[in-house]
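These notes are about the structure you will find just below.
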Amino acid sequence: MKFFIDTADINEIKEASSMGIIDGVTTNPSLVAAVGRSFREVLLEICDAVDGPVSAEVTSETCDGMMAEARELSELRDNIVVKIPLTPEGLKATRICRDEEIKTNLTLCFSATQALLAAKAGATYISPFVGRLDDQSGDGMAMVADICDIYENYGFETQVLVASVRHPMHVLEAAKMGAHVATCPLSVLMQLTRHPLTDRGLAKFLKDWEKVPK
Ligand code: E4P
């Protein structure tokens, strides 16, 4: 299972990468806005800091506009994946990207049937947003389970990238379902590292160590 970090903050990316657990990065317009720097500058810095795929989102709403952005983004660095909203125009752009060998991440997916369309259009990744669906009294992880089943049934190569991850249980469930990737904020990655028994056990070992004759 791969872990991407869901941020545009280079310091967070470096912190998580130094633990050896990061395979890629996802960004979105809100995350880029939060760092208050130019998109291009931030994106290039991220791409140079990580070897794996870096998702960069288009902001046009028409297929033509998305394609102009997709071509420009994909020229910047080899590891850029173009993030495209899951709309009819987005599906058109996804098919063209597939034909032009531009990698895509279909974002804002809230149903398994949307994910089916993304796979048929040739998306490289599908991003079901589990946390935002849970927020609306939906069941984000049930959607992911359906997507995994459907992709398995038909042998689609589109990778399931679980997004809008809010807590460790989303990651555990995603891993049990065989999702290819989970993209997590640094806060969730740090939660995954922690266990009270680890802290308690370490404190005891260090206390006992003080008794060892030096
Ligand atoms: C994924 O690619 C998105 O950037 C992200 O996971 C959205 O998460 P949020 O619902 O916490 O904003």
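Could you say whether any residue in the range 50-72 is under 21 Å from residue 182 (Cα atoms) and among the charged types (D, E, K, R)? There is at least one residue in the range 50-72 that is under 21 Å from residue 182 (Cα atoms) and among the charged types (D, E, K, R). Restricting attention to the range 141-197 and to residues that are within 21 Å of residue 124 (Cβ to Cβ) and of a type in the set (Ser, Thr, Tyr), the residue that is surrounded by the fewest Cβ atoms within 10 Å (Cβ to Cβ) turns out to be 154. Inspection of the range 182-194 finds no residue satisfying the criterion of being in a helix (DSSP H, G or I) and among the charged types (D, E, K, R). Contact annotation: residue pairs with Cβ atoms under 6 Å, 6 or more positions apart or on different chains, pairing a residue in the range 36-50 that is within 11 Å of residue 79 (Cβ to Cβ) with a partner that is assigned to a loop (DSSP other than H, G, I, E, B) and charged (D, E, K, R), are 47/77.
Filtering the range 78-98 to residues that are surrounded by fewer than 16 Cβ atoms within 10 Å (Cβ to Cβ) and either among the aromatic types (Phe, Trp, Tyr) or within 18 Å of the chain's Cα centre (by Cα) (or both) leaves only 78.
The residues on offer are 50, 42, 32, and the sole one that is touching a strand residue (DSSP E or B) at 6+ places or on another chain (Cβ under 6 Å), of a type in the set (Val, Ile, Thr) and over 20 Å from residue 118 (Cβ atoms) is 50.
We did not get these values from a lab; they are worked out from the coordinates using the rules stated. Worth saying up front: this structure is predicted, and the values here are computed from it rather than measured. Every residue, glycine as well, gets a Cβ built from its backbone with ideal geometry; the counts of neighbours run over all protein chains shown.
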